[in-house]
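Step one of this worksheet: look at the structure below.
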Amino acid sequence: MDFPGTPLILFLLFLEVIQIVGFLLFLRMRYRRPLGQLSRVAGQLAAGQRPKSYYIDGPPQVEQVARSLETLGAEMEKVQRKQREEDFNLNALLANMVEGVMVVDQKHVVRLVNDELINLFELRQSPLGRTVLEALREARVEMLVRDTIARGEPRQQEVMLESTALGLPQRHFDISAVPIRTKTDDVGGAVVVFHDITRIKQLEVVRQDFVANVSHELRTPLAIFRGYLETLADNPTLPPEESARILDTMKRHSDRLNALVEDLLILTRLESRQMDVEFSAIRVDAFFRQLVRDWQNRSNSGAVEIKTDVPEDLPAWEVDVMRLEQVMFNLLENCVSYSNPPRRVLLSASVYERQMEVRVADNGIGIPPADLPHVFERFYRVDKGRSRTSGGTGLGLSIVKHIVQSHGGTVHAESVEGTGTTVVLRLPLRQV
């Protein structure tokens, strides 16, 4: 059935649809470009990039969103700049610390370390993301961290770590652990600081040994003095021969005691760098000839044949002559003390890699290989009984080492047990 006016109604509906479609097409064309620009700006911000421009030519609503994004971008830049500054300050602080630093979370997982900690433990793999026990393989460190986080209190402990699992030598650490508090005052982890005190411990051992050695060296002559003084006091009518023998023994030990004190004073000044080095030019051959004459004129020089071997073209040399004489006399005394007749010593010199190399070789009893690295230490004796009976103080080679070092040189010993020993001095060649 047809109704009157039906075509007209359909025509009007068609026109309405056309208008709606046209309006939708207009909206699409009007918003498509600004919405695309808006999406690009948002994507750049999400990726942490700074958009070249926040300006978007579009409807007011889109422009308002663009201005909001610009404000958000500025705030993000401020936050990122502050974060970069904090990261720089933290990295600079950690990089310049001589202590190893490690930050762990509540589960004992390492979150941050500095380079010094990696160097201290010679870690080949990054410790980040691993537990303290997995990274360092030291149960005592793990226990210290666990105790700090569990109690929520700072902990400090001095421990000796052998690190056998990592193949490292025995070392001493002063370890401090401080809990990290969250905003809700919960413990979120800990900061652990490792201070390597191995050198301090070694020096403490050296100090203790030094005091013990000095006490021992002083005790022997003092005990002899006391015993002989008591003998003289209790026996005033001793025969002159016996009194002379006692006095001679006391004088000998008095001389040894005086030599010990003198060597201690010299060594103290050398170690504290209170002894100036005065350089002057010498010819090595002339220095050796004078050295041999002075040695032979000494009453306690001992029967020893000294030969020299110096090339004619050897350059002049700048050294502290008095200190070098002291070095050579100490070495010659060692040659006499540790050699059996017939004693022979060869003094030689040559140029070695822009250094003057001086060798003092004897035909003595030699030094066992295990003792060679220690002969320049204070009071170190290869043959303790023999050195005391020969009157040595145990400081001669240590003085040699420090005088050579004050010249910027090095000294070491070469030896074949039962054949002899050669002490090698290498000092910078200060040519005139």
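Under a 5 Å amide H cut-off, with hydrogens placed 1.01 Å from N, D309 pairs with L347, S348, A349 among residues at least 5 apart or on other chains.
Along the range 181-187 the Karplus relation, 6.51 cos²θ - 1.76 cosθ + 1.60 evaluated at θ = phi - 60°, assigns HN-Hα couplings of 9, 8, 5, 8, 6, 8, 8 Hz to successive residues, with x for each Gly and Pro.
The 3J(HN,Hα) values that the Karplus relation (6.51, -1.76, 1.60; θ = phi - 60°) gives for the range 354-371 are, in residue order, 6, 10, 8, 9, 10, 10, 10, 10, 10, 10, x, 7, x, 10, x, x, 5, 8 Hz. Gly and Pro appear as x. For K107, give me every one of the aspartates and glutamates with a C-alpha distance below 13 angstrom, ignoring sequence neighbours fewer than eight places off in its own chain. Counting by Cα, and skipping residues close in sequence, K107 has these aspartates and glutamates nearby: E134, E142, D147. Each of P236, H216, M250 was placed along the dipole of the range 212-277 (beta-carbon charges, centred on the mean Cα), and the one lying farthest toward the positive end is H216. Within the assembled protein chains, the solvent-accessible surface assigned to Y338 is about 50 Å², based on a 1.4 Å probe. Taking amide hydrogens as placed 1.01 Å from N in the peptide plane, the amide H of G189 sits under 5 Å from those of I180, each at least 5 positions away in sequence or on another chain. Students often forget the sequence filter, so: which lysines lie under 25 Å Cα-Cα from K251 once same-chain residues fewer than 8 apart are removed? Partners within reach: K384.
To put it simply, the accessible area of the range 232-318 at a 1.4 Å probe is 47 percent carbon and sulfur. Per-residue SASA remark: R130, around 60 Å² accessible (1.4 Å probe; ligands, DNA and RNA not included). Among D248, D234, D285, the sequence by solvent-accessible area, most first, with a 1.4 Å probe is D234, D248, D285. Per residue, the solvent-accessible area of the range 219-277 (1.4 Å probe, heavy atoms of protein chains only, all protein chains present) comes to 69 Å².
Rounded to the nearest whole Hz, the Karplus-based 3J(HN,Hα) values (6.51 cos²θ - 1.76 cosθ + 1.60, θ = phi - 60°) of the range 138-149 follow the sequence 10, 5, 5, 5, 4, 5, 5, 5, 4, 5, 5, 5, with x at glycine and proline. Loop-located GluC sites (Glu not before Pro) in the range 236-288 (DSSP state not H, G, I, E or B) with no more than 11 neighbouring Cβ atoms inside 10 Å: E278. Run down the lysines and flag those whose C-alpha is under 28 Å from the C-alpha of K307, throwing out any fewer than 8 positions away in its chain. Cα-Cα hits under 28 Å: K401.
The values are calculated or read from the model by the stated rules, or taken from the named source; none is laboratory data. Since we're looking at a predicted model, the values are computed, not measured. All Cβ positions, even for glycine, are placed from backbone atoms using ideal geometry, and neighbour counts span all protein chains on display. Surface accessibility is based on the protein's heavy atoms, side chains included, excluding ligands, DNA and RNA. Shrake-Rupley method; radii C 1.70, N 1.55, O 1.52, S 1.80 Å.
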